[in-house]
Amino acid sequence: MEKITVAAARKPESIGKVVKLQGWVRTRRDSKGGFSFIELNDGSCQGNVQIIAAAELPNYESVVKHLHTGASVTIEGEVKASPAAKQPTEVHAQRVELIGDADPETYPLQKKGHSFEFLREIAHLRPRTNTFGAVTRLRHQVSMSIHQFFHERGFYYIHTPIITSSDCEGAGALFRVTTLDPEAIPKVNGQVDYTQDFFGKPAYLTVSGQLQGEAYACALGKIYTFGPTFRAENSNTPRHLAEFWMVEPEMAFYELSDNMELAEAFLKRIIADALQYCGEDLKFFAERLENNQGLFDKLENVLNKPFQRLPYTEAVDILLRSGRSWEFPVAWGNDLQSEHERYLAEQHFRCPVILYDYPRTLKPFYMKVNDDGRTVRAMDVLVPGVGEIIGGSQREDRLDILEQRMQEQGLNPEGYQWYCDLRRYGTVPHSGFGLGLERTILFLSGLSNIRDVIPFPRTPGHAAF
Ligand code: ATP
Ligand code: MN
């Protein structure tokens, strides 16, 4: 007997086959006609398959009539065309086996809807809900699209380190990695004696694989990294995690405009694939989440229109002229906040916006200084509903200016000699960017809290599971 998934059992091609299915009971309903309906799900798709279990089954009274929501079962039976309009098929059970029961008194996922807040507290069981099944399948698809997009374009996937000793650009607050005993820190002249630590010096969890990625781009041409990234920033927002996944392509012989083109093609590919392969899950998000009916219009619109490109300075002018009052004041030289980014993408342009040429004081040392001396070749991609989804730049390829910028930002050039070597020997114009995977899932799904698009979120005060 062929073992198939619920997704396969729901397809008309399976009609007439006798198959084996394994999964979890979503609901059971007993009909007066002397049989039961079991809604079975195994995570393979959004929909359930309806099992019809007749009273003639030998364990009908002893087992079938006591199947609870959450119980795991094996079903053998024939796939038939369903008379009901809401599903193409149903399975007429010839055998129902209970594998593991779920006590209805304590199983937390009963039929009624649960709040996202509550589900975060049971993050080990929430993948069994419709919403988190959909998020998980979408996240998988996006991850595959990322690899395929770059692979097809000749990029190499590079595994950059997770533990680093360079404090990388000061991109965010760092988590320390140490084997020193906090109760007995060794000290010399009142200072921590790092020679006794595991690496013999301070070490951290990476905030970005970019610097190491550049070394490989400046040898293999086009590379990308895709891995976990850590920032100890104490920002309790719906868009920040302490541990998130970032994709960072880096390309030799790429100017900022090439970088923008790639970022746009990349995002569009991710959207197109999500629409093609996750339609059922996106439909679920559009129908079930509040204020999300416009999801497909939003995605199609982003897919089909060119992104707006605009220098930071012009964006500041637009914001100043908007007549709005902002929580964070707008002025040339101030960083743009989420409210500003979202105004530009959602109200003003109503499409993704690529802002570029930011004030040099706002951006890290490695971004290429423009001829005006005041701005750097940075670019941020802002999308409706989320704000910044990508941050990138053309990198400074001139050794003297790079060193000057490090000084300006109070960095110790000693730790960056290897990075400077990339300019010392065979320097090339090169560019790259970072895309946050979770922000991408927020954008694609219309979910509003980043804690709900990663399996086990880590945020200030929370590292459960
Ligand atoms: P923000 O200004 O939103 O805090 P950032 O400018 O610090 O972000 P970058 O250093 O440019 O972020 O990182 C590149 C991308 O990584 C961002 O555009 C975003 O998609 C994602 N990202 C950055 N920080 C976080 C975080 N704490 N949680 C989730 N995603 C993040
Ligand atoms: Mn950024």
Subject >> Over region 45-87, equivalent-ellipsoid semi-axes from the Cα gyration tensor in Å >> reply: 21, 15, 9
Original post:
Remind me, what semi-axes does region 127-213 give for its equivalent ellipsoid, largest first in whole Å, using sqrt of 5 times each Cα gyration tensor eigenvalue?
Top reply: 38, 20, 10
**OP:** Taking the dipole about the Cα centre of region 53-177, with the C-beta of Lys and Arg at +1 and of Asp and Glu at -1, give me whichever of Leu57, His147, Ala102 is farthest to the positive side.
**Re:** His147
Original post:
Across region 152-273, how large is the tail of the calculated P(r) beyond 16 Å, expressed as a percent of all Cα pairs?
Top reply: 70 percent
Subject >> Exposure rule at most 12 other beta-carbon atoms within 10 Å, DSSP loop trypsin sites (Lys or Arg not before Pro): the chain longest free segment >> reply: 113-323
Subject >> Semi-axes of the equivalent ellipsoid for region 1-90, Cα gyration tensor, largest first, Å >> reply: 19, 14, 13
**OP:** Could you work out the relative contact order of the chain, using alpha carbon pairs under 8 angstrom and six or more residues apart, expressed as a whole percent?
**Re:** 13 percent
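Counting pairs of Cα atoms in region 10-161, how many percent are more than 23 Å apart? Walk me through the numbers on the way to the answer.
On the way: 5430 of 11476 pairs.
Percentage above 23 Å: 47.
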Subject >> Shape parameters for region 2-50, alpha-carbon atoms, Rg then Dmax in Å >> reply: 11.4, 32
**OP:** Any chance you could tell me what percent of the C-alpha pair distances in the chain go past 40 Å?
**Re:** 33 percent
Original post:
Considering only Phe199, Met251, Ala123, whose Cα is most displaced toward the positive end of the charge dipole of the chain, charges sitting on Cβ of Lys, Arg (+1) and Asp, Glu (-1)?
Top reply: Ala123
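Every number here is computed from the coordinates shown, using simple stated rules; none is lab data. Computed from a predicted model, the values in this text were never measured in an experiment. Virtual Cβ from ideal backbone geometry, glycine too; neighbours counted across all protein chains shown.
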